[in-house]
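Okay, so here's the structure we're looking at.
Any read-out appearing in this document is the output of simple, stated calculations on the displayed coordinates, not a laboratory observation. Just so we're clear, the structure is a prediction, and the values are computed from it rather than from any experiment. Backbone-built Cβ (ideal geometry, glycine too); neighbour counts: all protein chains shown.
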Amino acid sequence: MTTTENFTNGVNVDQLMQTIKHVQDDPALAKFEFRAKNNWIEGGRCVSSVKGFYGVGQEDTTRKETFTMECDHPNVLLGEDKAATPAEVVLHALGSCLTGAMAYHAAANGIEIESAESTLEGGCDLHGFLGLDPEVRKGFDGVKFKLKVKSDATAEQLENLARFSPVFDMISNPTPVSIEIVKC
């Protein structure tokens, strides 16, 4: 007997539906914890590594590789321009998550996407970071996300699907962050 897998937008829809059913049956399976370890190199240059995470009720052991990401700053911001800035990495995470959320939710709803390409812009004012004006935000004063999508779905449908993005939620809503400094 030959079975064909049901893929839409590169997503195994049968597996996605099974996952949804498992989470509905056992809500504890929905809890995940992602982790990163960051090492300072010099100046504004850092390297982060990610491998292990907790999900589906247990510590994940399927990842064989450790993934690394590096951040630096351009020369004009006193860096060595050896990697993207942390702000650019945030834009990458946001664009990837908005697009991925749209693709997954579109697949679950039988909506095919032929192509998707986005541009993101985030503006900021150094007066905040440099401590020159306490009224100015240290981070982005806004982010513009423009997504060009080839699909039969309406732009409104696709936007509603993209809004399921966890990174969009983290950025557009306050996320509690605790900071603990441990001196060595």
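Taking R0 as 30 Å, what FRET efficiency do you get between GLU156 and SER96 from their Cβ-Cβ distance, rounded to the nearest 0.05? Computed FRET efficiency for GLU156 and SER96 comes out at 0.85. Between HIS127 and CYS184, residue separation times 0.36 nm minus the direct Cα-Cα distance comes to 17.3 nm. Suppose the Debye formula is applied to equal point scatterers at every Cα of the range 98-153; what is log10 I(q)/I(0) at q = 0.13, 0.23, 0.25 Å⁻¹? With one equal scatterer per Cα and no solvent, log10 I(q)/I(0) is -0.51, -0.84, -0.92.
When the charge dipole of the chain is built from unit charges on Cβ atoms (+1 for Lys and Arg, -1 for Asp and Glu) and taken about the Cα centre, the candidate among ALA153, PHE164, PHE53 whose Cα reaches farthest toward its positive end is PHE53.
Spatial offset of the range 16-61 relative to the range 114-143 amounts to 27 Å, using the alpha carbon center of each. A viscosity of 1.002 mPa s and a temperature of 20 °C, combined with the Kirkwood radius over C-alpha pairs in the Stokes-Einstein formula, give the range 40-184 a diffusion coefficient of 118 µm²/s. Computed over the chain, relative contact order equals 17 percent, with contacts defined as Cα pairs under 8 Å that lie 6+ residues apart.
Shown here: the range 65-116, whose C-alpha atoms stretch 49, 28, 15 Å along the first, second and third principal axes, sorted largest to smallest. For the range 1-104, the set of GluC sites (Glu not before Pro) satisfying both a DSSP loop assignment and a count of at most 16 other C-beta atoms within 10 Å is given as GLU5, GLU65, GLU80. Taking 0.36 nm per residue of separation and subtracting the current Cα-Cα distance, fully stretching the chain between GLU112 and ASN38 would add 22.8 nm. For the chain, the longest principal axis of the Cα atoms and the long axis of helix 86-108 meet at an angle of about 10 degrees. Multiplying the residue separation of GLU5 and SER172 by 0.36 nm and subtracting their alpha-carbon distance yields 56.5 nm. Evaluated with a Cβ-only charge set (Lys, Arg +1; Asp, Glu -1), the range 50-184 carries a dipole of roughly 220 debye about its Cα centre, given to the nearest 20. Measuring spread by the Cα atoms of the range 1-51 yields a radius of gyration and Dmax of 19.0, 61 Å.
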